[in-house]
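To start, the structure itself, in structure tokens.
The values are calculated or read from the model by the stated rules, or taken from the named source; none is laboratory data. None of these values were measured; they are calculated from a predicted model. Note: ideal-geometry Cβ built from the backbone for every residue, glycine included; neighbour counts use all protein chains shown. Protein only, heavy atoms only, side chains kept; ligands, DNA and RNA dropped before computing areas. Shrake-Rupley method; radii C 1.70, N 1.55, O 1.52, S 1.80 Å.
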Amino acid sequence: PMVYMVASPLWLLLLIYWAYSIHVKHAQYANDMHRMLVWVPAVQAMQGALSIGYFNACPWESNVSMLLATLWVVITIIKDPVILFCLLMVAKGWCVTRAALSPNEVFSASVIASLMYISIISMYAMAMADANKVLSMMPTLVTYAVMLWHVMTAISFNLRILKAQLFALRRQAPRPLRSPALIPTSARGVNSSSTPQQVQRGRYYHACLHQV
């Protein structure tokens, strides 16, 4: 309980700060991904607060303690799928490198989140039935492995997109330098005493400063 007593206020402060940032302070810059990420500190804060009450209500004999225990189990089960789904959307570059995801990507992410939800439910059900602990954790471990592979694939794909975008920007960057208005007077060759080498050197220095 001490861990939750320390972590819950921190998650609550993070939730308040994030909600204030995307709805008030930086509302004009917030997108769907920022609003979706509110669920991460929200679920963590709720699970932490319920955990404090859950452990303090032990041995859960009254109706209130049983209700608290039920809510704790529900939030604990949905916490990991919600957080991992949000992280998966970030790994896919939603609202970062791409404005929208393809239907196949949305479907695969939903399937993985659903499998994570089912595996966690089965793990708790088998644990309550006094089943083998290692056997009860196998579905969850397999789902985590599939999730990790999916995230690494999405990150690799986004890195290739960013590399292509940077390559395109580097190819297009020198084009504005061809406009006489953007070239320094010393590099235009207006002075008849300037040699082609000096003009080329001036353009080179200007291009370097422009890149910096």
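Only protein heavy atoms count here; under a 1.4 Å probe, F157 has an accessible surface of about 80 Å². Surface listing: M89, M126, M46, M2 arranged by accessible area from highest to lowest gives M2, M46, M126, M89, probe 1.4 Å.
Rounded to the nearest 20 debye, the dipole magnitude of segment 48-180 is 1260 debye, with +1 charges on Lys and Arg beta carbons, -1 on Asp and Glu beta carbons, and the Cα centre as origin. Note: segment 12-99, Cα convex hull, 90 Å³ per residue. Between H23 and A99, the FRET efficiency estimated from the beta carbon spacing at R0 = 30 angstrom works out to 0.90. The overall shape of segment 73-125, judged from the alpha-carbon gyration tensor, is prolate: a/c is not under 1.5, and a/b is greater than b/c.
Annotation: S62 carries an accessible surface of approximately 60 Å², with a 1.4 Å probe and no ligand, DNA or RNA atoms counted.
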